[in-house]
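Data block below; observations after.
The values are calculated or read from the model by the stated rules, or taken from the named source; none is laboratory data. Just so it is clear, the structure is predicted and the values come from calculations on it, not from any experiment. Please note: Cβ atoms are built from the backbone with ideal geometry, for glycine as well, and neighbour counts cover all protein chains shown.
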Amino acid sequence: MTGLLKFSGSSSDYSSSKFVIFGAPFDSTTSFRSGQRFGPNRIREASSTLERFVYTNQTNFKEIGVYDMGDVELTVNPDKMIEHVYEATRKILSDGKFPIMLGGEHSVSIGASLALREFDGSILFLDAHPDFRDSLLGERLSHGSVAKRSIENLSLEKVAAIGLRSISMEEFHDPAFKRYNMSTTDDVRREGVEKIVEKSLTKLNSDKIYLSLDLDIIDPAFAPGVATPEPFGLDPFHIREIIKLIGKKLVGADIVELDPPYDNGNTAILAARFVQEIISSKTSH
Ligand code: MN
Ligand code: MN
């Protein structure tokens, strides 16, 4: 583990912390614009502007045990990065703690799915894209294949997605995709967050949910600093509500695809705030 910057308020040590933050700086399989390797530290930097108190449910970050263990070892090889993420996630989960990974591009979450397999966990993706391709640009461990690999590592019943709005023909005609527990951005806007989350969770039927938050689920107007921006997105309130609704069932989370070179600063602050919201949703009464 490396790195000097720490997430704001992560002042506890490992043994007394319930929440463990770590970074996965990686962008080797990116298909459009790169820079996600700078994500973890930019989120840490942005976190310094936030209050260490979330007034909505009086979460006090000075009192909660939060530890930032730095970044996993740097590599440009997807196999190795996924292995690093798998090991970090497995260690944190097996110590009875809650991992929060800062990406990095979305392929790093494949490592989390490998760890979740050992803990009977499931994954809920929040993403504009299904990431259901068998491979992208010749790489099977791609940001475009995260859901596909996660389903192989877990099962179709243990994976769900909310917020999709950009689906390739290959993905659309995949027989597994027809049975996939997913809803679109339009579904959320039409039916409301509460109903969509209820539908997803009923089908997912798991009390151990890992949230994988690809920041491109949010409209580029709110979150321009992502690698593959997609118009017609959700707004940050939708995401906060989803986090609140599933909070009690969460066992871990990641926030991926922040692309600092393309950010005006707002996406990083939003990402930092989502870290707080995730912790806050677990600690609220
Ligand atoms: Mn994704
Ligand atoms: Mn995406």
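Find the strands (runs of 3 or more DSSP E) located wholly in region 36-131 whose residues include 1 or more that are under 16 Å from Gln276 (Cβ atoms), and list them.
Result: 66-71, 98-103.
How many residues are touching a Gly at 6+ places or on another chain (Cβ under 6 Å) and either modelled with pLDDT of 95 or more or within 16 Å of ligand 2 (Cβ to nearest atom) (or both) when one looks only at region 261-281? Before the answer, list the steps.
Residues of region 261-281 touching a Gly at 6+ places or on another chain (Cβ under 6 Å): 261-263, 267, 281.
Within this subset, residues satisfying the condition of being either modelled with pLDDT of 95 or more or within 16 Å of ligand 2 (Cβ to nearest atom) (or both) are 261-263, 267.
Of the residues in region 261-281, 4 are touching a Gly at 6+ places or on another chain (Cβ under 6 Å) and either modelled with pLDDT of 95 or more or within 16 Å of ligand 2 (Cβ to nearest atom) (or both).
Given the conditions (1) over 20 Å from Gly104 (Cβ atoms); (2) in a loop (DSSP other than H, G, I, E, B); (3) touching a Phe, Trp or Tyr at 6+ places or on another chain (Cβ under 9 Å), and given that Met182 satisfies all but one, which numbered condition is not satisfied?
Unmet condition: (2).
Quick check on this structure: which one of Leu114, Leu126, Leu136 is out of contact with any strand residue (DSSP E or B) (no Cβ under 8 Å at 6 or more places or on another chain) and within 14 Å of ligand 1 (Cβ to nearest atom)?
Leu136
Which residues, taken from region 190-220, are of a type in the set (Asp, Glu) and under 30 Å from Asn266 (Cα atoms)?
Across region 190-220, the qualifying residues are Glu191, Glu194, Glu198, Asp214, Asp216, Asp219.
Taking the condition of being in contact (Cβ under 8 Å) with a residue 12 or more places away in the chain and farther than 17 Å from Ile167 by Cβ, how many residues in region 226-250 meet it?
Adding up the residues that qualify gives 17.
Yes or no: Ala176 of a type in the set (Gly, Ala, Ser) and surrounded by fewer than 19 Cβ atoms within 10 Å (Cβ to Cβ)?
Yes.
Being within 16 Å of ligand 1 (Cβ to nearest atom) and of a type in the set (D, E, K, R) is true for just one of Glu198, Glu171. Which residue is that?
Values: Glu198 fails: within 16 Å of ligand 1 (Cβ to nearest atom).
Just a single option satisfies the conditions, and that option is Glu171.
From Ser166, Ser206, grab the single residue that is more than 16 Å from ligand 2 (Cβ to nearest atom), out of contact with any Phe, Trp or Tyr (no Cβ under 7 Å at 6 or more places or on another chain), farther than 19 Å from Ala46 by Cα and among the polar types (S, T, N, Q).
Ser206
Taking the conditions exactly as written (hydroxyl-bearing (Ser, Thr, Tyr) and either crowded, with 24+ Cβ neighbours inside 10 Å or within 19 Å of Met81 (Cβ to Cβ) (or both)), does Ser150 satisfy them or not?
Values: hydroxyl-bearing (Ser, Thr, Tyr): yes; either crowded, with 24+ Cβ neighbours inside 10 Å or within 19 Å of Met81 (Cβ to Cβ) (or both): yes.
When the stated conditions are applied, Ser150 passes them.
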